[in-house]
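Encoded as structure tokens, the structure appears first; notes follow it.
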Amino acid sequence: MKRFLVVLMVALMVTAFFAMGCAKTPEAAKPGTLTLMQNKPEIDGVLKAYAAAWGAKNNVNVTIKSIGGTAGAMGPQLKADYAAGDMPDIFTFDGLESYKEWEGVVLDVSGEPWTSKTAVAFKYNGKTFGAPVAVEGWGMAYNADMLAKAGIDPATLTNYDAYKAAFEKLNGMKKELGINSVVSMAASVEMGWVTAHHNFNSLLANGLPYGDLSVVNDLLAGTVDAKRLSEYADWVELLFKYADKGVLTTGNYDSQVGAFATGKAVFLHQGNWTDPNIKGANASFKMAFAPHGSMKQATDGIFVAAPSFYAINKDSKNLDTAKKFLNDLISTPEGHSYMVKDAGMIPAYSGIALQPDGQLSQSVQAWSAAGKVYSWSQYYFTGDFRDKTLNPIYNQFANGQISKAQFVDLMTKAFIANKK
């Protein structure tokens, strides 16, 4: 009997052992998901790297979609995704008109912790809807070493006449300087954000007190200042005349920035967001920004603002994850390092001790510290007006299909037709 009990106990122990071994171990938590669509292709690689590290730490599979540059405007892709029921959890928009287009899906983030850390969040009707991506600026980026060699003081480049004289002198020294063109400028339809967004802003804001919308409001009402537009047309013509024709008419972002970064152009019509690309090209010369010369009168400032804003899709199934992603981006050392060191951005938030290494970003900070800044006013016009109406006019002018007088006429008619 004792022998039977011993055998039974052993059998029960063995059965229990195998039962324990065959029991399912607790499954690891299923990874969450997050999709972010943004309009700065130049930061695509570093943003993906940051998102992957953040995702690994937080058990989230993060997908980054970068639409912009020569890939086209983000707006049409966002509309296509919306129609397909595949809207991202986080997306960027660039100003009032863009916000109004997506007002129905943008989450009110007024209560988020980061809102107290910035003075340039996107607000509408007293509520906060967008987290600024960065602070950015542009003027005419210049190669200081080449200007010194040509005996040109960049501090004198404050109006049209000064630029005209400088461009003529530099053009006569192309062989000596080893350049292909004086200016690296792109005006293909795919690069319309350079012309119909950034260059267009010279007409709207150059020489005006920060926040002054007098020219914007007149143009929105169909009232055109013929003198201001004529001087602006002179500036556009000057840039196109001294640009490399290949880069101007068919060049993409890389070829435009690359010409400047490799010392083949003295000036670049871009902003400080090009710092990572210029660094990647191992450019070793000194550079900074000078004002745009779109007027006969002297102007002493560059265009500085928050370029775009992160919005959270209020219908997202991942609201908590989206909020955490943005809060961590803004509030953690890893997020700070990504923004400043990896993406080369000027942070739009307080409490960030890091400073950008890029020379153009440092130049933006210097102009800002001196209070010599003009507004970004192009986003008071709709994306369709800029991209579908103005962009082709610049493109035709660059390709020699229309004269300067026709450029002025077409621009004037466009503003009148756009009257609100």
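Read-outs: derived from the displayed coordinates by stated rules, not from any lab. Note that the coordinates shown come from a computational prediction; the quantities given were computed from them, not determined experimentally. Positions of Cβ are generated from backbone atoms using ideal geometry, with glycine treated the same way; all protein chains shown enter the neighbour counts.
Assorted remarks:
- Remark: the T33-K341 segment gains 108.2 nm on full extension, using 0.36 nm per residue and subtracting the alpha carbon distance.
- Sites A221 and V120 - FRET efficiency at Förster radius 41 Å, r taken between beta-carbons, to 0.05: 0.90
- For segment 156-229, applying the loop criterion from DSSP together with a ceiling of 15 other beta carbons within 10 Å to the chymotrypsin sites (Phe, Trp or Tyr not before Pro) yields Y210.
- At R0 = 45 Å, FRET efficiency that the Cβ-Cβ distance of D212 and E176 yields, to 0.05: 0.60
- Mean residue ellipticity (222 nm) of the chain, computed from DSSP H runs ≥ 4 via -39,500 (n - 2.57), nearest 500: -12000 deg cm²/dmol
- For segment 315-388, the Rg and Dmax computed from alpha carbons only, in angstrom: 16.4, 45
- Charge dipole (segment 198-279, unit charges on Cβ, about Cα centre) - positive-most of N201, L220, Y242: Y242
- Most mobile of N58, N201, N171 in a GNM of the chain (Cα contacts under 10 Å): N58
- Ordering of 241-247, 121-127 by burial proxy (mean other Cβ atoms within 10 Å per residue, highest first): 241-247, 121-127
- The angle separating the long axis of helix 160-171 from the principal Cα axis of greatest extent in the chain is about 80 degrees.
- Size of charge dipole - segment 69-151 - debye, nearest 20, with Cβ of Lys, Arg +1 and Asp, Glu -1, no other charges: 300 debye
- Mean Cβ count within 10 Å, highest first, over the residues of peptides 251-260, 278-287: 251-260, 278-287
- Ordering L354, F93, P291 by Cα displacement along the dipole of the chain toward the positive end leaves L354 in first place; charges were set at the Cβ atoms of Lys, Arg (+1) and Asp, Glu (-1).
- Kirkwood hydrodynamic radius over Cα pairs of segment 278-420, then Stokes diffusion coefficient at 25 °C and 0.890 mPa s, in µm²/s: 128 µm²/s
- Among the listed values (1) 1.14; (2) 1.03; (3) 0.99, the one computed from these coordinates for Rg/Rh (Cα atoms, Kirkwood Rh) is (1).
- Of all lysines in the structure, those lying under 16 Å Cα to Cα from K174, and not within fewer than 8 positions of it along the same chain, are K149, K164, K241, K245, K264.
- For the chain, the longest principal axis of the C-alpha atoms and the axis of helix 319-331 are separated by about 60°.
- Using every pair of separate Cα atoms, the Kirkwood estimate puts the hydrodynamic radius of segment 66-165 at 17.4 angstrom.
- Packing rank of 294-301, 352-359, 386-393, where each peptide gets the mean count of other beta carbons within 10 Å, highest leading: 386-393, 294-301, 352-359
- FRET efficiency for D108 and A52, using Cβ-Cβ distance with R0 set to 45 Å, rounded to 0.05: 0.95
- Theoretical gain in end-to-end length, A148 to D384 [0.36 nm per residue, Cα-Cα removed]: 80.8 nm
- Antiparallel DSSP beta bridges within the chain, percent to nearest 5: 60 percent
- Simple label model, 7 Å out from Cα along Cβ direction - K420 to T262, nm: 4.3 nm
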